[in-house]
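Just dropping this structure here.
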Amino acid sequence: MKLLDIGILSELSGAPPSTLRYYEEIGLIQSVARNGLRRQFDTLVVTQLALISMGKMAGFSLADIKGMFAKDGTPQLPRAELHLRADALDEQIRDLTRLRDALRHVADCPAETHMECPKFKRLMEFASRSAGARK
């Protein structure tokens, strides 16, 4: 079994050693040996860190992500939850796309003032509805 020193794992994953130590402390990853005081990790941890990064990007908490690994560190991804998260991202993308398009229109709008621009008024209505939905 090839082992990776915490410094090498940090370089490969882009995660600082402090993050790797924290992930180990909360049980997301496990070191398998020590070389002096330096933690050594199995190469499987590189995959785990990529999945952790992806999970964080998708909005999962570290506790959620921890539940996506078996005791031996192999991934056990909850497909139904991933579908729900992907659906939520699709909705967020649609909303952000509408917002981007409206902002570009308002920036280029030939109306005398923004308050005379119908699209700007719709943007304000959308923003009000969105803020109310988040409460």
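The values are calculated or read from the model by the stated rules, or taken from the named source; none is laboratory data. For clarity, every value in this text was computed on a predicted model and none was experimentally measured. Virtual Cβ from ideal backbone geometry, glycine too; neighbours counted across all protein chains shown.
Going by the structure shown, is L89 assigned by TED's automatic domain parsing to the domain that holds S130, surrounded by 12 or more Cβ atoms within 10 Å (Cβ to Cβ) and either among the aromatic types (F, W, Y) or within 30 Å of S130 (Cα to Cα) (or both)? It would help to see each step written out before you state the result.
Details: assigned by TED's automatic domain parsing to the domain that holds S130: yes; surrounded by 12 or more Cβ atoms within 10 Å (Cβ to Cβ): yes; either among the aromatic types (F, W, Y) or within 30 Å of S130 (Cα to Cα) (or both): yes.
Yes, satisfied.
Condition first: among the small types (G, A, S) and more than 28 Å from L28 (Cα to Cα). Can you find one or more residues in region 82-89 that meet it? I'd like the intermediate steps shown before the answer.
Taking region 82-89 as the starting set, the residues that turn out to be among the small types (G, A, S) are 86, 88.
Among the residues that remain, those that are also more than 28 Å from L28 (Cα to Cα) are: none.
No, there is no match, as no residue in region 82-89 is among the small types (G, A, S) and more than 28 Å from L28 (Cα to Cα).
Let me ask something additional. Consider only pairs whose beta carbons are under 6 Å apart and that are at least six residues apart or on different chains; among these, list those whose first residue lies in region 56-68 and is in the same structural domain as I29 (by TED's automatic domain parsing) and whose second residue is assigned to a loop (DSSP other than H, G, I, E, B) and surrounded by 15 or more Cβ atoms within 10 Å (Cβ to Cβ).
K66/L28
Of the numbered conditions (1) at pLDDT below 90; (2) among the charged types (D, E, K, R); (3) in the same structural domain as A127 (by TED's automatic domain parsing), D72 fails exactly one; give the number of that condition.
For D72, the exception is condition (3).
So which of L28, L37 is touching a helix residue (DSSP H, G or I) at 6+ places or on another chain (Cβ under 6 Å) and of a type outside the set (S, T, N, Q)?
Details: L37 fails: touching a helix residue (DSSP H, G or I) at 6+ places or on another chain (Cβ under 6 Å).
Criteria check complete, one pass: L28.
Continuing with the same structure: What number of residues within region 13-66 satisfy the criterion of being surrounded by 15 or more Cβ atoms within 10 Å (Cβ to Cβ) and part of a strand (DSSP E or B)?
So the answer is 4.
Moving on. Hey, among A127, A107, A133, which residue is within 28 Å of the chain's Cα centre (by Cα), at pLDDT below 90 and exposed (fewer than 10 other Cβ atoms within 10 Å of the Cβ)? Spell out how you get there, then give the answer.
Details: A127 fails: exposed (fewer than 10 other Cβ atoms within 10 Å of the Cβ); A107 fails: within 28 Å of the chain's Cα centre (by Cα).
One residue alone meets the criteria, A133.
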